[in-house]
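Asks: This structure is in structure tokens; I'll ask about it shortly.
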Amino acid sequence: MKNLISMRDISKEDILKLIDSANKIETGKVKVDMSGKLAALLFFEPSTRTHFSFETAVKKLGGNTFSMSGTSSTSVKKGETLADTLMTISMYVDIIIIRHIIEGAARFASETVNIPVINAGDGTNQHPTQAMLDLYSIQKTQGSLNNLTVGMVGDLRLGRTVHSLAQALSDFNPTFYFASPRHLQMPAYIKDDLKAKNIKFTELEDIKDVMHTLDIMYVTRIQKERFAVLEDYEKVKDSYIITKKLLEGVKKNFKVLHPLPRVNEITKDVDDTEYAYYFQQARNGVFMRQAIITELLNLEKH
Ligand code: CP
């Protein structure tokens, strides 16, 4: 692996290796030394978890970071191109972690610079490090990634995390239920990938009827900022509200995951149940991102 841009670029073996590495880092079985190395965190779009967990990951490995949140204090404001900005920054650092509003921006970055690039989310397209931490969370809670029944709920069209996760899980024979408003269904290219691999999936509007079959329910926010017309958002914003009551009768191993941030799609009373796993999921992001950086920079492990 030279870059991590899309889950399409990474093999089942890579996935299993990264999960194993994240586990060894979390449990202290391996120590990694990133001292003397610098990561640029270029966030052209807002972030809490991805930005700060990458920052935590680099610092825990002994490396250092510099960060950009928005372009207001950079020469982008003077009209500098993305290519020139990236080339310049690549002269200073060992790895670039980029989040951008435009689909394909991370791929463009990886084709522009000569150092590793990690996609921290590109528009509505992909969020591969989120998918990797999701897989790590699923492995930890279910003991396996194989043969699971997974419900994905919410904005499956504009929410990039579900695109990456559906592709990531497709190597492990899942059964998917995709619950979304009709206009926010999983994109055709993801469904085509799943069909090509003979993965079973069903599209529905209501998740209630299949709750008792699920191992994982992956809830997502309706992506308000990506709607061109606010009225269209208003029509669908409350389509799914997961409550404690809805979880009655679920399987013992069942867990609720959410990439976060949430707005109102999971009520607070779910947080105190044994099924809520979304904050631990965010914590798992630090170990997985440590593992990804270790792999891409070929850092020494002890
Ligand atoms: N899950 C996720 O990408 O969260 P942030 O937007 O806060 O980084």
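Asks: Is one or more of the residues making up the range 191-209 in contact (Cβ under 8 Å) with a residue 40 or more places away in the chain and under 24 Å from residue 247 (Cα atoms)?
Replies: Taking every residue of the range 191-209 in turn, at least one turns out to be in contact (Cβ under 8 Å) with a residue 40 or more places away in the chain and under 24 Å from residue 247 (Cα atoms).
Asks: Hey, could you check the range 1-16 for residues that are part of a helix (DSSP H, G or I) and of a type in the set (A, V, I, L, M) and say which is surrounded by the most Cβ atoms within 10 Å (Cβ to Cβ)?
Replies: Here is the first cut: in the range 1-16, the ones part of a helix (DSSP H, G or I) are 7-9, 12-16.
Now narrow it down to the ones that are of a type in the set (A, V, I, L, M): 7, 15-16.
Numbers: 7: 26, 15: 21, 16: 15.
Among those residues, the one meeting the criterion is 7.
Asks: Checking the condition touching a helix residue (DSSP H, G or I) at 6+ places or on another chain (Cβ under 7 Å) and away from the ligand (no atom under 16 Å from the Cβ), which residue from 250, 229, 256 passes? If you could, list the steps in order and put the result at the bottom.
Replies: Working: 229 fails: touching a helix residue (DSSP H, G or I) at 6+ places or on another chain (Cβ under 7 Å); 256 fails: away from the ligand (no atom under 16 Å from the Cβ).
Within the list 250, 229, 256, the selection yields 250.
Asks: Let me ask something else. When the range 172-227 is examined, which residues are found to be of a type in the set (Asp, Glu) and not in a strand (DSSP E or B)? Give the steps one after another, and end with the answer.
Replies: Taking the range 172-227 and keeping what is of a type in the set (Asp, Glu), we get 192-193, 203, 205-206, 209, 215, 225.
Correct list: 192, 193, 205, 206, 209, 215, 225.
Asks: Would you mind telling me which numbered condition in (1) farther than 30 Å from residue 213 by Cα; (2) within 16 Å of the ligand (Cβ to nearest atom); (3) assigned to a strand (DSSP E or B) residue 152 fails?
Replies: (1)
Asks: Is it fair to say residue 269 is out of contact with any strand residue (DSSP E or B) (no Cβ under 8 Å at 6 or more places or on another chain), more than 30 Å from residue 28 (Cβ to Cβ), in contact (Cβ under 8 Å) with a residue 12 or more places away in the chain and away from the ligand (no atom under 16 Å from the Cβ)? Full working, then the answer.
Replies: Working: out of contact with any strand residue (DSSP E or B) (no Cβ under 8 Å at 6 or more places or on another chain): yes; more than 30 Å from residue 28 (Cβ to Cβ): yes; in contact (Cβ under 8 Å) with a residue 12 or more places away in the chain: yes; away from the ligand (no atom under 16 Å from the Cβ): yes.
Yes: the conditions hold for residue 269.
Asks: Continuing with this model, one more query. Scan the range 228-239 for residues that are surrounded by 11 or more Cβ atoms within 10 Å (Cβ to Cβ) and either in a helix (DSSP H, G or I) or at pLDDT 95 or above (or both) and jot them down.
Replies: 232, 233, 234, 235, 236
The values are calculated or read from the model by the stated rules, or taken from the named source; none is laboratory data. Please read these numbers as outputs of a predicted model, since none were measured by experiment. When we count neighbours, we look across all protein chains shown, and the Cβ atoms used for this are built from the backbone with ideal geometry, even at glycine.
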